Structure formats: C-alpha cells, structure tokens
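The values are calculated or read from the model by the stated rules, or taken from the named source; none is laboratory data. A quick note: this is a predicted structure, and the numbers were derived from the prediction, not measured. Cβ placement follows ideal geometry from the backbone for every residue including glycine, while neighbour counts extend to all protein chains displayed. Ligands, DNA and RNA are stripped out before the accessible areas are found, and what is left, the full protein with its side chains, is counted by its heavy atoms. Shrake-Rupley method; radii C 1.70, N 1.55, O 1.52, S 1.80 Å.
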Amino acid sequence: MYATERQQRILEIARTEGRVEVASLADALDVTTETIRRDLTALEHKGAVRRVHGGAIPVERLELEPTLASRSTQRTDVKRRIAARVLDEIPAGGTVLLDSGSTTQAIVDLLPADAALTVVTNSIPAAAALAGRPHLTLLMLGGSVRGATAAAVGDWTTQALAGLVVDVAVLGTNGLSAARGLTTPDQAEAHAKAAMANAARRVIVATDSSKAGDDHLHRFASLEQVDLIVTDSDLADDIADEPARGRDRGGVRVIVTLTPNPSVDRAVTVARLARGEVNRATEVHVDAGGKGLNVARAVTAQGGDAVAVLPAGGAEGVLLGELLDSAGVPRASVPVAGAARVNITVAEPDGTTTKAQRARAAPQRRGTCGARRRCRGPRRRLGVARRLRLPSSRRARWLYATLVKRGHARGTKVAIDTSGPALAAAVAASPDLIKPNHEELAELVGRPLATLADVLDAARALVDGGIETVAVSLGAHGALLVTASAVLHARATVERPLSTVGAGDCMLAGLLHGLATGLDHAAALSAAVAWGSAAVSLPGSRVPSPAHLAGVIVDLTTTPDLTMEPGSEPDPRKD
C-alpha cells in the first residue's frame, strides 16, 4: 500500500470512528508506529486531522464550543427535569461542588430558598444567583474566567480544589461515552473538572442525552469515577447500553501512584565533571521526580491511564504540578507545609552519575490523610504505593500497611516498592505485588542472596506467604518475576547508558501497565525490562516514549541460570 493510499484509509477510519490511535493503526495496517506518526503528521499538515496524545481526531470533530448563553436556551425542559432529580441526591446540610454549565445552572434555579448547604462553585452565574441566601454558605473558586462558560479555571482553581473534600460534586460534560469517559473541548476546563471529581466523596454527572456518544479533545474523568449519571429518557438504546458494556469489559484500568516524598529532579550533562572548576553543561533537564511520579509519567508517556497523588508545598510543589501538567499526567495534589525535595544529577557520557539531594521535612499528618481521601473516589484501579523517607519508622510502617489494607477493602490491587521496615510492614499485609531490588530483598529476608537460586528461594517464600507476584530488579542482570505458577527471567543489553535515575521506576511502570492491560506475566515482564532499559539510555529522569522502545531487545527465559551472582558485577544502572 502506497503512503497516499494508507493516509486515505487512516482518514476514513478517523471519520468513521471519531478518532484513531497510533498503536491500533499500526496493527491494522501492518506498519510501524513511526510510519503511522509520519502519516498523521502529513494529514495534519493537510488540515485533515488534529494530532492528540496517542493518535489523532478528524477536524470535523473540532467544532466551536457553544457558549453558556446559547446552551441555556436549548432543551430547557429536559434540563429542569434532570436538575430536579439531582436535587434528591444532595444531602441536607452537606457540602456540594457545582460545576459550570447550563444543566448545573438549572439546579441552582430549582434550589429551594431555605436550603441549608455549603456550595462551592467556579461558575460566576451560579455564584451570582446564590449570593445573599441566608441559610447557604457560598464559596467562590477563583481563577481565570472563560468567556464561553463563565467558569473560573487555571492553577488558582485547581490548587484550591486540591485542598477540599466535599460530599457531592455535580459535574456537567460536553461528551460522554464508555470508551472515552467524560470529555470537554478545553484543556483548562478539563483540569478544573478533574480536580472537582478528585475533591468529592461522590460524583454525579448531570447531562442531557445529546452529549452521549460524543468525544471531545480532553478527557477529565472515566466512567469508573462516576457514582451516578442523571440524564433523560431520549437516550438512544445503543448509547444507554454502552456504560454496561464498558463495565463488562472491566472498565478503564487506571494506575494510581502515591508519592509521599516527591522531588524536583534537575539533570545536567557535562563532558567530564571537574571538581572546583566551571563545568559547561551540554544538556539540562527538569522533571517531576519521586518513584510514584516516575511510574505515572512513564505510563502516561506510553499512552496508558495513570493518576499521580502527591503532597505539594512551597514553590517546588507548584513547579511539580506544572511539570506534571505539561507531561499530561492527571494529578491530585495534597497541600502540605514545607517544600518538596530537590535532586541534582550530573551525568557524564560514560554513564557515571553524581547526585546531590536536598531533603525536606516529612509531611504533616494532615497531608497523609488528604492523600488517603484523594484515593477514595475511583474504583477498579491498580494502586501503587511509593517510597517515603520519614524520621519515624513506626509512621512509615503504618502508612504502607494501611495502604494495603484500605486498598484491598475497596477491591483495589496494591503494588508496593519500598524498603526496610516499611517494606516488611507492607509484606505482612500481603500486597498483590512487590518490586524490591536485590539488596532490598536481602534486607527483607535477613540473609545474603549470593546467587539467583537464593533470590528465587526468597521470592518463592514470599509468594507462599500470600503475595501474588514478586518482581526483583537485578541491575545489569535484568529482572526475576515469581508467582505461584511461574518463574521468569528477562534481561536486555544497554549499549550507551546515560542516566540511572528512574530506570527502576520505569521497569515497574512497564510491569504494572502490562498487567493492567491484560498481558500475561511473560509479556508484562518483557515490557518492564524494555521500559527500564530504554530509560537508562535517556538523560536525567526522562521516561521513554514508544519510539524509545523500538531498538530494545529483551531475552526472556523460564529456565534462568541459577548460579548467576546478581551482585558480582558493578552496575552503573543501580535501580
């Protein structure tokens, strides 16, 4: 098939299905993902499609967003009936978060004059209508006001929402589908809506049936995050059945990472580090760091679904939020006192890295509780608990054990990557997966693990004790994965290692993403080692994109050499 024919076929698929994804097109047309990306770029230059993360949408879907004034005159009777039903769901004396929109404005219009509530809103028309009511406490969210929706959006809005926990959030949406969830044309609006969903114990979507089946550019929530959808009876049968079909397929699997000790990672590349002299940097990178954030960044870069939960304080906390937003990583930031830590890595061409770290004080207890609240909303997520360096080992043990127990109580799978007493406490609570490195596993079991046979014995004992999957990273020797029915070893060769920062986190991200998307353990481990190896070839704490995986060759075996000595070779790629 010639390039012109292939591009015409891609455009036909995009117009039929509403959007196209790089990976699925590569499979359907039997070409590489790089070829598809070039085709999409060519189509974008012709004005036929608009590139989005992971794919493209036809320009026909990029219609202008209607204004609030125009929407307020459409289907008014339907919206009033929806609003009346939503009022039944608002608890007396409770706190309710109202999104902007014509349907949510109908809720405001029907709200009884004597209603005793606390209302939080980013909608100027809603605030104006509610101001002055004697029994109602009104909180107006600040921010940049969008003309199309008369809604406050931006960092001021999302930062304020990050510090709130409300009983109910009532959200509007421009699009609703099982495949894409809730979508809206504007990125800033999407960030505000996502923050509202994260702030609520219960999420209600109020929308008329004309929005069902539509997908817009920016997704702000999956259907798994929604407790109730209130709509009208004009919903077509095939659309009405769509959420049920989505649940039957298992819904959207989201990897939620908790990073209690995040960092701003600054990586500087020099030709050769000379102490006491001026060193000229050839490259400088600034990334959001910390093991959980690295996992979320890696999953997002590969087109997966991840949400990062983190404490954020000081100027560094603001920068962390900006870095995650620029990387397209959905986040729930918990305000804490103090600033995030800063890591500086100096990398040399031969793979040698020199690190300097500025520690920060441990977050106050209210920060930890806030993080726990942030994790309550979405269901059927694969949760990941991350490393926390706290002065109190008892507090660290409590945190990880509690995360495992609370996750399991909500039907959530929990993976743990930490060390020392915190890892021991987590293991006692039987998480679904742990990923220690060789040294951390030896510390956990309390004996040296000189050979791969020793590592295997230790991992099997943990599986026998109730842990479903044990994945041990072994540096240059790859990784070993052990379950009740499988023993797998994988490794890859890295020709030009540049930076060790975050490589082990990318390996864990690949493993979790593989398992969450339905891969078997062998394929998931291969992906994990490929992701980790690709990360070693990148500067700083950058995470690999799909293009970086193209040249990585992974050797996988079910019969590894058990005489291998994991600690025998110095490895610059320490995970």
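Just a few scattered comments:
- Between 0 and 90°, nearest 10: helix 452-464 axis offset from the chain longest Cα axis: 40
- Of the options [x] 75, 63, 56; [y] 80, 66, 55; [z] 74, 68, 43, only one is Cα extents along the principal axes in Å as computed from these coordinates, and that is [x].
- Packing, as the average of other Cβ atoms within 10 Å across residues, places the peptides 549-555, 102-108 in the order 102-108, 549-555, highest first.
- Centre-to-centre separation between the Cα atoms of the stretch 10-53 and those of the stretch 119-136: 45 Å.
- Estimated FRET transfer efficiency when R0 is 51 angstrom, pair T282-T517 (beta carbons, to 0.05): 0.85
- Once the mean of 1/r is taken over each pair of separate Cα atoms and inverted, the stretch 312-359 shows a Kirkwood hydrodynamic radius of 12.4 Å.
- Average accessible surface for the stretch 487-532: 31 Å² per residue, computed with a 1.4 Å probe over protein heavy atoms with every protein chain in place.
- Helix-derived mean residue ellipticity, 222 nm - over the chain, DSSP H n ≥ 4, -39500 (n - 2.57), to 500: -11000 deg cm²/dmol
- Phi angles of the stretch 134-146 translate, via the Karplus equation with coefficients 6.51, -1.76, 1.60 and θ = phi - 60°, into HN-Hα couplings of x, 9, 10, 9, 10, 10, 9, 7, x, x, 7, 8, 7 Hz per residue; Gly and Pro are given as x.
- Across the stretch 283-327, no residue has a backbone nitrogen under 11 Å from the label position 7 Å along the beta-carbon direction of R51.
- R297 contributes about 20 Å² of solvent-accessible surface, heavy atoms of the protein only, 1.4 Å probe.
- Computed E for A84/T16 - FRET, C-beta separation, R0 51 angstrom, nearest 0.05: 0.85
- Annotation: amide H-H contacts under 5 Å for A306 (H modelled 1.01 Å from N, sequence separation of 5 or more, or interchain): I255.
- Helix 3-17 vs. the chain, principal-axis angle (Cα, 0 to 90°, nearest 10): 50
- Residue-span extension gain [V59 to T35] - 0.36 nm each, minus C-alpha spacing: 6.5 nm
- Extension gain, W156 back to A23 (0.36 nm per residue minus Cα-Cα distance, nm): 44.3 nm
- Ordered by 1.4 Å accessible area with all protein chains kept, I204, I124 run largest first as I124, I204.
- Using R0 = 30 Å, the C-beta based FRET efficiency linking Q187 and D227 works out to 0.75.
- Label-point separation in nm, A274 to E5, each point 7 Å along Cα→Cβ: 6.0
- Solvent-accessible area of the chain (1.4 angstrom probe, protein heavy atoms only): carbon and sulfur portion equals 51 percent.
- Counted residue by residue at 0.36 nm each, then reduced by the alpha carbon distance between them, the extension gain from L110 to S485 reaches 129.1 nm.
- Accessible surface for the stretch 91-160, divided over its residues, is 39 Å² per residue with a 1.4 Å probe.
- Of all DSSP-defined beta bridges confined to the chain, some 45% are antiparallel rather than parallel.
- For the chain, the longest principal axis of the alpha carbon atoms and the long axis of helix 33-45 meet at an angle near 40°.
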